[in-house]
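Visitor: Mind looking over this structure? Questions follow.
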Amino acid sequence: MEYEFRRNSLDGTVFAEFSMEHAILGRFFAEQLATDVNRCEAILAQIELIRASKKNEWLMQREDLAMVIDSEQVRVFVNAIDFDEDFELEESMSMYDAESESFCGLEDFETALKSWISFIKQ
């Protein structure tokens with residue numbers, strides 16, 4: 001999983017860009033975690049509880065994105081899409097799946113999250 005973190009030098013806004021198949025993770029890091037080190041560390045604590053078999057999974061539900069962590073993977077997804085599921089888009093207009101849902105291994109996510117924490121502490 002490839003990613004890059006950047007900061008706007010004018011206003012301090014942080015950005016996360018992930019590889020195409022993990023695009024929603026960039027939005028999750030930048031919008032839901034932003035510069036909140038405490039929230040990031042709380043997620044790491046939940047990962048440790050899952051690893052210690054004290055929890056099977058953990059759900060973090062925010063305004064428009066959610067995350068589910070289990071012992072093997074992390075799933076980040078959009079809570080609701082603003083159009084009727086019965087509505088069909090033309091083939092060229094189809095929604096790109098990685099913009100609405102992404103899975104990654106637990107270790108990869110943990111590594112990215114620790115890198116994000118280091119980045120936002122700078």
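The values are calculated or read from the model by the stated rules, or taken from the named source; none is laboratory data. Source: prediction; values computed, not measured. Cβ: placed from backbone, ideal geometry, glycine included. Neighbour counts: every protein chain shown.
Visitor: Pairs, please: C-beta under 7 Å, at least 6 apart or cross-chain, first residue without any contact (Cβ under 8 Å) to a residue 60 or more places away in the chain and in the range 101-122, second basic (Lys, Arg)?
Guide: Filtered contacts from the range 101-122: Phe103/Arg75.
Visitor: Look through the range 1-30, keep the residues that are within 9 Å of the chain's Cα centre (by Cα) and touching a residue at least 24 places away in the same chain (Cβ under 8 Å), and return whichever of them is nearest to Ile120 (Cα to Cα).
Guide: Restricting to residues being within 9 Å of the chain's Cα centre (by Cα) and touching a residue at least 24 places away in the same chain (Cβ under 8 Å), the top hit is Phe29.
Visitor: Let me ask something else. Taking Arg39, is it at pLDDT 95 or above, in contact with a Ser or Thr (Cβ under 8 Å, 6 or more places away or on another chain) and not acidic (Asp, Glu)?
Guide: Criteria not met by Arg39.
Visitor: Can you say whether Asn38 is of a type in the set (S, T, N, Q), loosely packed, with under 12 Cβ neighbours inside 10 Å and under 16 Å from Ile117 (Cβ atoms), as far as the supplied structure shows?
Guide: When the stated conditions are applied, Asn38 passes them.
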